[in-house]
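Have a look at the structure below before the remarks.
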Amino acid sequence: MENVLVAGANGTTGKKIVALLNESQYFTPVAMVRKASQQAQFEKDNIATVLGDLEGDISHTVKDIDRVIFAAGSGGKKVKEVDEEGANKLVDASKSVHLKKFVMLSSMGADRPEQASDLKEYLKAKHNADVYLKESKLTYAIVRPGSLTNDKGSGKIKAASSLGQSGSISRDDVAQTLVRALHDDALTNATIEILEGDTLIGKALESVS
C-alpha cells in the first residue's frame with residue numbers, strides 16, 4: 001500500500017477523495033488539514049492526518065509519502081497564496097522525497113485565464129501552478145474539470161486534452177478521476193479536461209493517456 005497525501009482533505013471534494021482512498025486496495029490516505037480541530041473527523045475512521053498550512057512551511061507533510069493529490073482551494077479568498085504559491089510549495093517539497101506521482105486538481109479555463117470573464121485571478125493562479133508542476137520534472141497528471149456539482153456521480157465522464165466546450169461534472173466523478181489518475185498506467189505527464197459523459201472513467205483516461 002502506498003501513502004497518498006491529500007492536500008485540501010477537509011474540502012467537499014477532498015473528503016470524497018480521502019473516502020475513496022480509504023477503500024482502495026492500492027493506496028492509504030494521509031489527510032492534510034490546516035487546523036487540529038479538523039483531524040478528529042478522519043482519525044475516528046483510522047485515517048492518518050498531518051497538519052499543514054499551505055501559507056506556511058509544509059516540507060514536513062511529505063515524509064513517507066509516495067503520491068500526492070492537490071485538491072486544496074482558497075474558495076476565492078487567497079488564490080495567489082493558496083491555489084498558486086501553496087501548490088508550488090507542495091511541488092517543491094515533493095521533489096525532495098522522490099515522489100512517484102503528483103496529481104493536480106486544476107480547472108477548465110486554466111489554459112487561457114486571460115479569456116475568462118469572471119474568476120480571472122483564480123484561473124491565472126491555477127494556470128501558473130499547472131505550469132510550475134509541468135516544469136518540476138515530477139511525474140504528474142493535471143485534471144481540469146468543468147463546473148462542480150453536488151449531484152450523485154455516474155462513474156462516467158467525457159475526457160480529452162481539450163474538449164472545446166464548457167459544462168459541469170459531479171464532485172463524485174472528479175474525486176474518482178483524481179484517484180484513478182494516481183496509477184502509473186493512467187495519465188502520465190498529461191493534462192486533461194473532464195465533463196459529465198458516457199465513458200467509464202478508467203476507459204476515458206486510457207483514451208487520453
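The values are calculated or read from the model by the stated rules, or taken from the named source; none is laboratory data. Please read all numbers here as calculations on a predicted model, not as lab measurements. Neighbour counts run over all protein chains shown; Cβ positions are idealised from the backbone, glycine included. Areas reflect the complete protein model, heavy atoms only, side chains present, ligands, DNA and RNA absent. Shrake-Rupley method; radii C 1.70, N 1.55, O 1.52, S 1.80 Å.
Values computed for the structure shown
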| item | result |
| --- | --- |
| Apportionment of accessible area to carbon and sulfur, region 69-184, percent (1.4 Å) | 45 percent |
| Mean separation of Cα contacts under 8 Å, 6 or more apart, over the residue count of the chain: relative contact order % | 18 percent |
| Net length gained if the chain between LEU200 and LYS78 were fully extended (0.36 nm per residue, minus Cα distance) | 40.4 nm |
| Cut-off under 5 Å, modelled amide H: who pairs with VAL103 long-range | VAL68, ILE69, PHE70, ALA141 |
| 20 Å reach of a label modelled at LEU119, 7 Å along Cα-to-Cβ, counting backbone N of region 177-204 | 177-179, 191-197 |
| Cα-based shape type of region 68-155, given that a ≥ b ≥ c are square roots of the gyration tensor eigenvalues and the cut on a/c is 1.5 | oblate |
| Theoretical gain in end-to-end length, SER147 to GLU43 [0.36 nm per residue, Cα-Cα removed] | 34.4 nm |
| The chain, accessible area per residue, ligands and nucleic acids excluded (1.4 Å, Å²) | 47 Å² |
| The chain: calculated mean residue ellipticity at 222 nm from DSSP helix runs of at least 4, using -39500 (n - 2.57) | -8000 deg cm²/dmol |
| Filter on LYS89/LYS156; LYS35/LYS156; LYS101/LYS126; LYS100/LYS152; LYS44/LYS95 - keep pairs with C-alpha separation over 29 Å | LYS89/LYS156; LYS35/LYS156; LYS100/LYS152; LYS44/LYS95 |
| Whether the chain is rounded, prolate or oblate, judged on the alpha carbon gyration tensor where a/c under 1.5 counts as rounded | rounded |
| For region 150-190: relative contact order, % (alpha-carbon pairs under 8 angstrom, 6 or more apart) | 44 percent |
| Packing-based ranking, highest mean first, of 184-194, 54-64 given that Cβ atoms within 10 Å are counted | 184-194, 54-64 |
| Whether region 97-209 is rounded, prolate or oblate, judged on the alpha carbon gyration tensor where a/c under 1.5 counts as rounded | oblate |
| Mean projected area (nm²) of the alpha-carbon convex hull when region 1-98 is viewed from all directions | 5.8 nm² |
| Percent accessible area from carbon and sulfur atoms, region 11-68, protein chains only, probe 1.4 Å | 46 percent |
| Qualifying aspartates and glutamates (Cα of each under 15 Å from Cα of LYS78; at least 8 residues distant if same chain) | ASP53, GLU55, GLU121 |
